[in-house]
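Data first, discussion second: the structure below is written as structure tokens.
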Amino acid sequence: MESGRRIRRAKGTAVSRETRSATPVEGELPQGRLRGGAIGALGAAVVSMAFMGPATSVAFNTAPGAAKTGFALPVGIVLALLVCLITASTVSAFSGKLPSAGFAFTFNSHAYGKGTGFVSGWLLALAYGAVGPMLFSAMGSFGSQFLSDQFHWRVPWWVISALVLLIIWFVGSRGITSSVKTALIFLVLELGVLLALFGTVIGRGGDSGNSLGPFDPANSLTGTSGIGFGMLWGVLMFVGFESAGTLGEETRNPRRNVPRALFTAVITVGVLYVLSGYVAAIGFGAGHADALAADTSPWSTLSDRYWGRGVAWLFTLTVLNSQFANALSGSTGAVRIIFSLGREGLLSRRLGRTNDRDSPVRAWMTYIGLSAVVTFVVGWLIGPLGTYNLLGSLLGLGIVVLYILMNIGVIRYFWRHHRAEFSVLRHGVLPAAGSVLMLLPIYGLLWPVPSWPYNLVPYILLVWVLIGIGYFVHVRRHKPAVVEAMGRVWEADSTPPPSEATGADQGLSCD
């Protein structure tokens with residue numbers, strides 16, 4: 001009876017193509033599955049775009065990006081777009097061969113080996129894990145300020161953060177379809193408001209007319225270094241686009257649709273970001289580049305100037321809306337990493353279970369619980385906005401390191417395993433160039449040395465990696481079968497070949 005139930009569950013669910021005949025790990029129990037084919041390319045793209053949080057990125061990254069770039073702000077954003085397109089090519093190349101919720105964990109396990117693969121997953125868990133707490137704390141702070149300014153209500157930030165935590169958990173635990181629909185609604189709202197403001201500024205000709213001056217690098221306030229600094233903050237705007245790679249098991253025809261989703265997200269939101277840089281530049285004008293560089297809240301200034309102070313609250317509300325969509329999509333990606341590590345047996349196998357909606361509810365509960373602890377403890381120590389800045393820096397550094405590892409990994413993977421398909425340009429030149437360019441954001445994050453507690457970011461990341469290495473050594477020594485099974489590719493396949501049916505069913509009966 002149990003055997004039959006396992007076989008029925010195997011059909012149409014996660015099957016490893018590259019490790020389909022792998023021997024099951026002794027003592028493993030049947031694990032949950034994610035709902036195969038639940039979303040298409042558009043749904044995966046929506047998650048990626050919402051994760052990038054367009055309104056949040058525009059609101060918070062324009063000021064630091066313009067500090068040294070000034071009127072040439074869009075030049076740095078264009079360079080960031082090119083770098084992220086290269087990384088999107090890398091992720092899509094991996095996803096075409098290894099569609100999995102494990103993302104970098106699975107990719108790098110095949111590219112480098114088990115150890116680097118685990119550390120990649122460990123690092124990704126920290127980076128994505130930071131998304132929720134940083135946004136929960138920021139929404140608490142902004143929400144409290146918004147209610148105070150508009151209605152004179154005194155609501156503590158942590159009350160709003162707790163409410164957002166519960167809503168995110170409720171929506172996310174209902175399954176990927178619910179998450180995508182909710183994210184789409186909020187994404188459309190924020191894009192609509194941003195485009196309306198951009199259209200107003202362009203329609204009025206800005207401060208000095210609509211010209212191509214902002215795209216001239218010579219207009220950078222501090223020359224080449226200013227362009228590089230603008231590129232740093234431009235890259236940070238794109239963090240999250242790669243999250244479509246975590247949806248490989250839930251996307252229809254993932255080998256085709258995940259790459260489509262990645263490029264759709266990067267190009268669509270990338271064009272919006274470039275437009276935002278152009279609008280900010282012409283909104284202040286060439287003659288006021290210093291004012292743009294010195295303004296800590298340029299979009300509030302622009303909305304007041306071009307819309308009037310009476311509707312400035314609309315932009316603040318849009319940012320809150322963006323943060324919610326960002327938190328939901330970011331949490332969705334983080335939960336799938338936890339689920340994948342639990343299913344592999346590298347974390348508690350209970351985290352690899354799903355409910356009757358095929359939703360990883362235990363991973364969701366764990367993630368929300370840990371996020372609550374970090375949000376309220378760190379928020380109490382350094383304040384909610386301090387929490388946003390600290391965890392945002394941690395997220396940025398961790399993700400950029402992973403981008404570099406994946407760019408180098410795709411070269412190794414295709415050269416070693418799919419040499420007949422190896423493209424010198426796509427699998428060689430582009431990822432190598434992307435890796436070199438990604439060193440600039442790392443430099444910008446580490447130098448000059450930031451003030452406390454932000455100077456702790458590289459050390460926190462280093463300690464986390466060392467803990468991960470130690471944990472992997474422990475697992476390899478005491479659970480070698482778990483390590484041997486790492487990196488399995490779980491993909492929907494309703495018609496496994498007869499000769500492999502037994503192996504496939506056995507593999508699916510394992511955690």
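The values are calculated or read from the model by the stated rules, or taken from the named source; none is laboratory data. In this text the structure is predicted, and so the values were computed from the model without any measurement. Neighbour counts run over all protein chains shown; Cβ positions are idealised from the backbone, glycine included. Just the protein is used for accessible areas: all its heavy atoms, side chains included, with ligands, DNA and RNA removed. Shrake-Rupley method; radii C 1.70, N 1.55, O 1.52, S 1.80 Å.
Structure notes:
- Enumeration of residues in segment 437-474 that are at pLDDT 90 or above and out of contact with any helix residue (DSSP H, G or I) (no Cβ under 9 Å at 6 or more places or on another chain): Tyr459, Leu462, Val463, Leu466, Gly470, His474
- Residues of segment 63-88 satisfying the condition of being closer than 21 Å to Pro431 by Cβ and open to solvent by 10 Å² or more (accessible area, probe 1.4 Å): Val78, Leu79, Leu81, Leu82, Leu85, Ile86
Residue-by-condition table, conditions (1) basic (Lys, Arg); (2) modelled with pLDDT of 90 or more; (3) within 22 Å of the chain's Cα centre (by Cα):
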| position | (1), (2), (3) |
| --- | --- |
| Phe105 | no, no, yes |
| Lys114 | yes, no, no |
| Ala125 | no, no, yes |
| Gly132 | no, no, yes |
| Ser137 | no, yes, yes |
| Gly143 | no, no, no |
| His152 | no, no, no |
| Val155 | no, yes, no |
| Ile160 | no, yes, no |
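- For segment 431-438, the count of residues that are β-branched (Val, Ile, Thr), surrounded by fewer than 24 Cβ atoms within 10 Å (Cβ to Cβ) and either in a helix (DSSP H, G or I) or in contact (Cβ under 8 Å) with a residue 12 or more places away in the chain (or both) is at least one.
- Those residues of segment 412-433 which are under 20 Å from Gly117 (Cβ atoms) and within 22 Å of the chain's Cα centre (by Cα), in sequence order: Pro431
- Residue in segment 140-159 that is free of Cβ contacts under 8 Å to residues at least 40 places away in the same chain, open to solvent by less than 30 Å² (accessible area, probe 1.4 Å) and either out of contact with any helix residue (DSSP H, G or I) (no Cβ under 6 Å at 6 or more places or on another chain) or farther than 21 Å from Ala372 by Cα (or both) present: yes
- Of everything in segment 369-428 that is small (Gly, Ala, Ser) and not in a helix (DSSP H, G or I), the residue that is least open to solvent (accessible area, probe 1.4 Å) is Gly383.
- Looking at Arg412, Arg416, just one residue is within 25 Å of Ser243 (Cβ to Cβ) and among the basic types (Lys, Arg), and that residue is Arg412.
- Residue satisfying all of: in segment 75-89; of a type outside the set (A, V, I, L, M) and touching a Leu at 6+ places or on another chain (Cβ under 8 Å); farthest from Gly226 (Cα to Cα) among these: Ser89
- Counting only helices (runs of 4 or more DSSP H) that sit completely within segment 229-332, those holding 1 or more residues that are touching an Asp or Glu at 6+ places or on another chain (Cβ under 8 Å) and surrounded by fewer than 18 Cβ atoms within 10 Å (Cβ to Cβ) correspond to 298-307.
- The set of residues in segment 346-366 being of a type outside the set (A, V, I, L, M, F, W, C), open to solvent by 10 Å² or more (accessible area, probe 1.4 Å) and in contact with a helix residue (DSSP H, G or I) (Cβ under 9 Å, 6 or more places away or on another chain) consists of Ser348, Arg349, Arg350, Arg353, Thr354, Asn355, Arg357, Asp358, Arg362, Thr366.
- Pairs with Cβ under 8 Å, 6+ apart, first in segment 344-363 and of a type in the set (A, V, I, L, M, F, W, C), second in a loop (DSSP other than H, G, I, E, B) and open to solvent by 10 Å² or more (accessible area, probe 1.4 Å): Val361/Ser173; Val361/Arg353; Val361/Thr354; Val361/Asn355
- Those helices (runs of 4 or more DSSP H) lying entirely in segment 86-174 with at least 2 residues touching an Asp or Glu at 6+ places or on another chain (Cβ under 9 Å): 104-111, 114-151
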